[in-house]
Amino acid sequence: MKERPPTAKKTSRATPPAERPRVGAPRAIADLMPEIGRTAFRKFGFVQSSIVTRWNDIVGADYAAITAPESIRFPVGQKSGGTLQLTVMSGHAPMIQHALPDIIERVNRFFGYAAVAKVAMKQGMVGPAPVERRPPPRNLKPIPVELGDSLRDIGDPELRKVLESLAQGLANSNGLPKIG
């Protein structure tokens, strides 16, 4: 048996590692929101404009067809526990009243914190959400022959269609995609 050499005991206490400063510090949503429309939305009680523009994504198509957000009012000096003012189509208020806990939960999930604590409803007309119409592609070039031949060997028809669509998009692109 080999004996281990005696090790020196550490007399100093373990110091916690120094905390590094955050590189990507959290930023307020209002800082990320575009300047256009910021003052108008804030005047009417919206901290962030995307609750209006993304209402369909937040509550779903069924609720968005019969409701529309009007404003969010927060208690003085706070940004949580607010009241969401909803406009509801005539005759749908009893159904929406039963769905209010779900709507509050979805809105708070969208914000990321308990921004809304209660909802006030009023009867009114809710217009249909505008449908986003995209123009057709500018020029449709055929799929390159070398890609088309290699795609014929794929057995799954759905996967083949997706890959053909991807190849078509790559053939039609002229550079990096635009974001935003």
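The values are calculated or read from the model by the stated rules, or taken from the named source; none is laboratory data. Just so it is clear, the structure is predicted and the values come from calculations on it, not from any experiment. Every residue, glycine among them, receives a Cβ derived from its backbone with ideal geometry; neighbour counts consider all protein chains shown.
Points worth noting:
- For beta carbons closer than 7 Å, sequence separation of 6+ or different chains, a first residue in region 155-168 that is touching a residue at least 12 places away in the same chain (Cβ under 8 Å) and a second that is outside any helix (DSSP H, G or I) and surrounded by 11 or more Cβ atoms within 10 Å (Cβ to Cβ), the qualifying pairs are LEU163/ILE154; GLU164/ILE143; ALA167/ILE143; GLN168/ILE143.
- Sole residue being among the hydrophobic types (A, V, I, L, M, F, W, C) and modelled with pLDDT under 90, chosen from VAL52, VAL88: VAL52
- Matching residues, region 74-91, being surrounded by 15 or more Cβ atoms within 10 Å (Cβ to Cβ) and in contact with a strand residue (DSSP E or B) (Cβ under 7 Å, 6 or more places away or on another chain): PHE74, GLY82, THR83, LEU84, GLN85, LEU86, THR87, VAL88
- Among the candidates ALA8, ALA25, residue that is aliphatic (A, V, I, L, M), assigned to a loop (DSSP other than H, G, I, E, B), surrounded by fewer than 17 Cβ atoms within 10 Å (Cβ to Cβ) and at pLDDT 60 or above: ALA25
- The numbered conditions (1) under 21 Å from the mean Cα position of the chain (by Cα); (2) loosely packed, with under 13 Cβ neighbours inside 10 Å; (3) at pLDDT below 85 are all true for PHE41 except (2).
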